[in-house]
Each structure stands twice: as structure tokens, then as C-alpha cells.
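Notes follow once the structure below has been shown.
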Amino acid sequence: MATEAALALGGNLGDPVAAFAAALAALRRHPGIRLGRLSPVYRTAPWGKTDQPEFLNMAALVETTLAAEELLALCLALERAGGRERRERWGPRTLDIDILTYGEEAIDRPGLQVPHPRIAERAFVLAPLAQIMPDRLIGGRTVTALLKAVADETIRRDE
Ligand SMILES: Nc1nc2nc(S)n(CCO)c2c(=O)[nH]1
């Protein structure tokens with residue numbers, strides 16, 4: 001029985017597009033993964049720690065027979081393969097792969113929170129996600145509505 005999961009890919013060191021391509025190729029080769037829709041790649045201002053290079057971000061839809069913990073372990077292995085050393089929290093990284101959604105499940109275990117707890121405040125996640133699952137409800141609101149709320153918030157704060 002397969003589960004649809006949305007993954008967020010990000011990076012701001014080295015060649016993030018090459019890191020994305022390598023991670024997606026590895027996912028494509030994995031027997032427990034069927035790769036689905038991919039968002040475009042977005043160039044995004046750093047969120048959280050702002051004194052670092054801008055990021056590239058994208059989102060990918062997968063159908064997986066892996067359990068959520070197994071999918072997380074695979075994402076962490078792909079991050080390491082992409083040369084990721086976990087240095088400072090929210091600091092620059094070559095490749096980051098986060099599980100945004102796993103089916104309709106809500107999971108809150110150490111190291112695995114799904115849907116990702118900060119989706120609603122991150123345009124760099126919502127913009128790519130809106131390209132692959134615009135009508136998915138998260139916290140009772142569609143991804144499209146969440147993206148609009150973040151965009152409006154950004155515009156209002158800049159006034
Ligand atoms: N624009 C942008 N800012 C970020 N801040 C952090 S932490 N990250 C890593 C995501 O967990 C990002 C990111 O991927 N993109």
C-alpha cells in the first residue's frame with residue numbers, strides 16, 4: 001500500500017541544482033519510491049538566519065511504500081550523500097530534504113513532525129508546494145490560501 005508524500009528540497013552552498021538532481025535520481029532508483037510531480041526550482045531569500053547566501057528550493061511528490069521513519073532515514077542519507085555536515089542550526093547547507101506531508105497523517109515524534117510544523121510561515125516551502133498540491137489542506141487551509149496569506153503578510157509588513 002503506497003502513501004503520497006511531499007518532500008521539500010533546499011540548499012545554498014555549492015551547486016544546489018546538482019545536489020537536487022542527484023537526490024532525485026537516487027529517489028527514482030529506490031524500489032520503495034515512485035517519483036511524481038516536481039515543482040520548478042525557486043531562488044529564495046534566506047529565512048531564519050538571514051546573513052547567509054540565498055537558497056534554491058523545490059518540492060517533489062512521491063508515492064512510497066516506506067514508513068514515515070524509513071522515508072526520513074532515506075532523506076537524511078541523501079542529505080549526507082549530498083555532502084551535508086550538520087553544522088549550525090539554520091546555517092548554510094548543500095542539501096536539505098524535509099518531509100512536508102506523509103499521506104493525511106499527523107506525526108509528532110522526536111525528529112519527525114509531519115506535516116512540517118513551519119510550513120505555514122515559509123513562502124520558500126509554500127510556493128513550490130503550491131505547484132504540486134495547491135488544494136491540499138494543511139491545518140484546515142489549502143496550500144494556495146497559506147501561500148497567499150504569507151505573501152499578503154510580507155507585503156503588509158513592507159508597507
Ligand atoms: N529560503 C530559505 N531559507 C531557509 N532557512 C532555512 S533554515 N532553510 C532550510 C530549510 O529547512 C531554508 C531554505 O531551504 N530556504
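The values are calculated or read from the model by the stated rules, or taken from the named source; none is laboratory data. It should be emphasised that the depicted structure is a prediction, and the values quoted were computed from it without experimental measurement. Cβ: placed from backbone, ideal geometry, glycine included. Neighbour counts: every protein chain shown.
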Just one of Leu7, Leu35, Leu27 is surrounded by 17 or more Cβ atoms within 10 Å (Cβ to Cβ), more than 16 Å from the ligand (Cβ to nearest atom) and assigned to a strand (DSSP E or B); which is it? Leu35
Pick out the one residue from Thr154, Thr144, Thr94 that is away from the ligand (no atom under 11 Å from the Cβ) and within 24 Å of His30 (Cα to Cα). Thr94
Candidates Ala59, Ala19 - the one that is in a helix (DSSP H, G or I), crowded, with 17+ Cβ neighbours inside 10 Å, among the small types (Gly, Ala, Ser) and within 14 Å of the ligand (Cβ to nearest atom): Ala19
Report yes if Tyr42 is aromatic (Phe, Trp, Tyr), at negative phi, within 12 Å of the ligand (Cβ to nearest atom) and surrounded by 12 or more Cβ atoms within 10 Å (Cβ to Cβ), otherwise no. yes
Is it the case that Leu78 is crowded, with 17+ Cβ neighbours inside 10 Å and closer than 17 Å to Arg122 by Cβ? no
Looking at Ala130, is it away from the ligand (no atom under 14 Å from the Cβ), under 26 Å from Pro40 (Cβ atoms), modelled with pLDDT under 95 and of a type in the set (A, V, I, L, M, F, W, C)? no
